[in-house]
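Here is the structure we will look at.
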Amino acid sequence: MEAPAIFTEAEVYQRSFNPQEYLKAFYTLTDSRGQPNAFLTKNLKSLYKMFSLEGLSGQTLVDVGCGPTIYQLLSACERFQEILALDYTDQNRRELQKWLKNEAGAFDWSPVVKYVCELEGDREKWAEKEENVRKKVRQVLKCDVTRANPTEPVSLPPADCLLSTLCLEGACKDLATFRSALRNLGALVKPGGHLVLLTVLRETYYAFSNQVFSCLYLERSDVEEAVGAAGFDVRFSEVQPHPPGDIRVDCDAVLSLVARKRDPGTG
């Protein structure tokens, strides 16, 4: 599939992004041919590893660009007391709410939840974990990472941790916007708090259901430098290669990164 020649604007997401098709394309553990979904399982392992790091816990976690998904919260929910989920697109927030409220027709996350429980040592705790996520997600709000206050008109108190998975590279049209978005998000974190990122590298598009969405081409150094410029020190950074031949994406790696926000007094 060809990469889009132009940046996919926010309005295009709002008008035509289909959360159900997206979930089917990327978030089942096996594809239509019964092949394992390595992209998803590697990301789940990375999130488990990051949220096992010492000191990565606290009261409030803010998930920016949550989309219609909960996979990114499955390890996080063990370390934080409350979660705020933010996304730009109305239909994504509605789809997420459907699962949170246990409504009919919601996406079945149980195979993914069982997989994460297995990583944590007890597959049988999956129903308990689902309940835990539902209980801890207190709010689902609209956000725009390109704004100085991404949740305007709502102002959030500074959080202990900000999580963003596979979001900024789709929302930012160039490196300057990416750096500015990280600064905007950095302002939502208290000094000493953490930033947890999962970012695809060297990707120009992702596609599903005959639709193609643009992606900002990023190198590891671009992300690490932008995180530093936003006032954070990188604690953990790891690149997982993505095998070639995946028609849904043209990325060749995924970066997992954890950074700690500097105290203003420490320079």
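The values are calculated or read from the model by the stated rules, or taken from the named source; none is laboratory data. Bear in mind the structure is a predicted one, so any value in this text is a computation, not a measurement. Because the Cβ atoms are built from the backbone with ideal geometry, glycine has one as well, and the counts that use them run over all protein chains shown. Ligands, DNA and RNA are stripped out before the accessible areas are found, and what is left, the full protein with its side chains, is counted by its heavy atoms. Shrake-Rupley method; radii C 1.70, N 1.55, O 1.52, S 1.80 Å.
For the reader, a short list of remarks on this structure follows.
- Convex hull volume per residue, computed on the Cα atoms of the chain, equals 124 Å³.
- Accessible surface computed residue by residue for region 186-267, with neighbouring protein chains in place and a 1.4 Å probe, gives 41 Å² per residue.
- Cα-based reach from LYS261 at 21 Å (exclusive), listing lysines while leaving out same-chain residues under 8 positions away: LYS49, LYS190
- Those GluC sites (Glu not before Pro) in region 3-59 that DSSP places in a loop and that have at most 14 other beta carbons within 10 Å: GLU9, GLU54
- Placing R0 at 30 angstrom, the Cβ-Cβ distance between VAL212 and ARG94 gives a FRET efficiency of 0.80 after rounding to 0.05.
- Histogram of C-alpha separations across region 135-257, 10 Å bin width, %: 12, 43, 32, 12, 0
- Theoretical FRET efficiency, 1/(1+(r/R0)^6), r = Cβ-Cβ of ARG15 and GLU54, R0 35 Å, to 0.05: 0.20
- Calculated FRET value between ALA187 and THR28, using beta carbons and R₀ = 51 Å, to 0.05: 0.90
- Between region 123-174 and region 9-82, the Cα center-to-center distance that results, in Å: 11 Å
- In nm, spacing of pseudo-spin labels at THR41 and LYS173 (7 Å Cα→C-beta vector): 4.0 nm
- Using only the C-alpha atoms, the convex hull of region 68-194 corresponds to 119 Å³ per residue.
- In units of the rule-of-thumb radius 2.2 N^0.38 Å, region 1-124 shows an alpha carbon radius of gyration of 1.14.
- Per-residue HN-Hα couplings for region 63-78 [Karplus 6.51, -1.76, 1.60; θ = phi - 60°; Hz; x = Gly/Pro]: 9, 9, x, 5, x, x, 10, 10, 3, 6, 9, 5, 7, 4, 5, 7
- Computed Kirkwood radius, in angstrom, where 1/r is averaged over Cα pairs of region 23-92: 13.4 Å
- In the context of the full set of protein chains, region 1-110 has a per residue accessible area of 45 Å² (1.4 Å probe).
- Among the listed pairs LYS98/LYS136; LYS42/LYS114; LYS24/LYS129; LYS101/LYS135; LYS98/LYS142, those beyond 18 Å (Cα-Cα): LYS24/LYS129
- Here the chain exposes an accessible surface that is 49 percent carbon and sulfur, computed with a 1.4 Å probe and the other protein chains kept in place.
- Cα gyration tensor category, rounded, prolate or oblate, for region 23-64 with a/c compared to 1.5: oblate
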